[in-house]
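Encoded as structure tokens, the structure appears first; notes follow it.
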2 protein chains.
Amino acid sequence: MAWNTAETKRKLKDAAVAEFAAHGLDGTTMEKIARRAGLNKERLYSYFGDKPQLFATVLADELNKVAAAVPLTEIEGPQAVGDYAADVYDYHSAHPELTRLLLWEGLMDLPEVPDEAARTDYYRAKVAVFERAQREGRISGRIPAADLAFLVLALAGWWYAVPQMARMMHADKASGAASNRTALKEAAARLAAPE
Amino acid sequence: MAWNTAETKRKLKDAAVAEFAAHGLDGTTMEKIARRAGLNKERLYSYFGDKPQLFATVLADELNKVAAAVPLTEIEGPQAVGDYAADVYDYHSAHPELTRLLLWEGLMDLPEVPDEAARTDYYRAKVAVFERAQREGRISGRIPAADLAFLVLALAGWWYAVPQMARMMHADKASGAASNRTALKEAAARLAAPE
DNA sequence: CTCAACTCCAACGTTTCCGTTGGATTCTGA
DNA sequence: TCAGAATCCAACGGAAACGTTGGAGTTGAG
């Protein structure tokens, strides 16, 4: 059987995403990642370095994926903000690993995150889109663009951050993801609604 | 020196709150908690059981504290929703441990959380306050009460969930907590604003 | 064909952590 | 005062995880 380095790396990285997302940096063992990938632990160390390095690699990769998957280049009006929030929500719904990785990372409170410069650019680009829409009067300017963009992501992400709270709050009715999504859309649009 | 069991327990619990909030369940060691409290590990086991039990105890305690510290019994109008969000934000700002414990818990995705019944009651009471304000027309009814209450908490909590994102988004201006708080207040009020 | 370089894994030493135990010290009630 | 109960800790056994190593199998260039 021929060597297939690229495939081996991919398997390891996929396994690492799953394990890290599920159990965090401290809760994950290198052994388990390797076994999930059907490979040996030593491959992890030789390809990716130690555990924190692997975590950083994995997170950076996932962030690149979401950047490509959920674009935002123009905001026509408040409704577009709601749509964007719903898109983010849908992406997280389909790829819950990303949010979880971000949350694990947030809880580590590192002084600097991996790939900081690129990620800052990415977020700043999103903020710029909000800024432009505000300047041109298509959405409200009452909330500063950076805060507005951040809070829209808050609305979309909180469901995955504290699922136990979501579950307890919706105890009586079987509301389901669809109705959550509708509420989210309305809420995000409201943040941007003109006076 | 006389025995002081209550004081010993308090010291252990305080140390456990700090360590668990900082490093999570897996990242925390019983040894470190005990040393932070200036006591022996064995005291932890005899008083609180093993590590997961201790975590559950600690979290339940902190939740009781916040329940007492940030009441919400009446919503006069949208502005009151903004004020409530700001109160929650301020509490988290003064006691960042609670949010962090909740987030660690959320990431464990347990099928059931400790003290589930009491916590459900607590959240449902909050939801009921929103429901009443909606029924009486003091705030908008467009977003279902459970979702509305949840999303208000999202706005207040997201800053602590992903501080790295907050930092990167506000890269250029030294916006600071005060301006975040103002934006949050405005945003929360908007969720409840009548049409 | 040959050999150097690359890929892979079983097994290892070391460290760290969990949860317990045996015993010393301190308190209390009779 | 004294016996027994409660509080505390140093030290331990065992398990698990990290990161490494030595060697076996595979490839491709010369």
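Couple of notes before you dig in:
- Degrees between helix A:5-27 axis and first principal axis of chain A (Cα, 0 to 90, nearest 10): 70
- Per-residue shielding of A:179-190, expressed as the average number of other chain Cβ atoms within 10 Å of the residue Cβ, stands at 5.
- Chain A - percent of accessible surface contributed by carbon and sulfur, probe 1.4 Å: 53
- Across segment A:26-130, the mean sequence separation of Cα contacts (distance under 8 Å, 6 or more residues apart), normalised by length, yields a relative contact order of 26 percent.
- Most fluctuating residue given options B:PRO114, B:PRO163, B:PRO71, as computed from a GNM of chain B linking Cα atoms under 10 Å: B:PRO163
- Structural size metrics of segment B:1-49, computed from C-alpha coordinates, are Rg and Dmax of 10.5, 35 Å.
- Under 28 Å from A:LYS185, Cα to Cα: lysines that are on another chain or at least 8 residues apart: A:LYS65, A:LYS126, A:LYS173, B:LYS126, B:LYS185
- Cut-off 14 Å between beta-carbons: net charge of the residues surrounding A:VAL129, Lys and Arg +1, Asp and Glu -1: -2
- Computed Rg/Rh of the protein assembly as shown, alpha carbon atoms with Kirkwood Rh: 0.99
- The separation of segment B:59-137 from segment A:35-55, counted between C-alpha centres, amounts to 40 Å.
- Per residue, the convex hull around the alpha carbon atoms of segment A:23-76 comes to 107 Å³.
- Over chain B, relative contact order from alpha-carbon pairs under 8 Å, at least 6 apart, %: 26
- Interface burial in segment A:9-31, defined as at least 40 Å² less accessible area with all protein chains than with the chain alone at a 1.4 Å probe, covers A:ASP26.
- For chain B, the equivalent ellipsoid derived from the alpha-carbon gyration tensor has semi-axes of 35, 20, 14 Å in decreasing order.
- With only Cα atoms counted, segment B:30-139 has Rg and Dmax values of 17.6, 57 Å.
- Comparing segment B:85-195 with the 2.2 N^0.38 Å rule of thumb, its C-alpha radius of gyration ratio is 1.18 (two decimals).
The values are calculated or read from the model by the stated rules, or taken from the named source; none is laboratory data. This is a predicted model, so every value here is computed, not measured. Methodologically, a virtual Cβ is constructed for each residue, glycine included, from the backbone with ideal geometry; neighbour enumeration extends over all protein chains shown. Ligands, DNA and RNA are stripped out before the accessible areas are found, and what is left, the full protein with its side chains, is counted by its heavy atoms. Shrake-Rupley method; radii C 1.70, N 1.55, O 1.52, S 1.80 Å.
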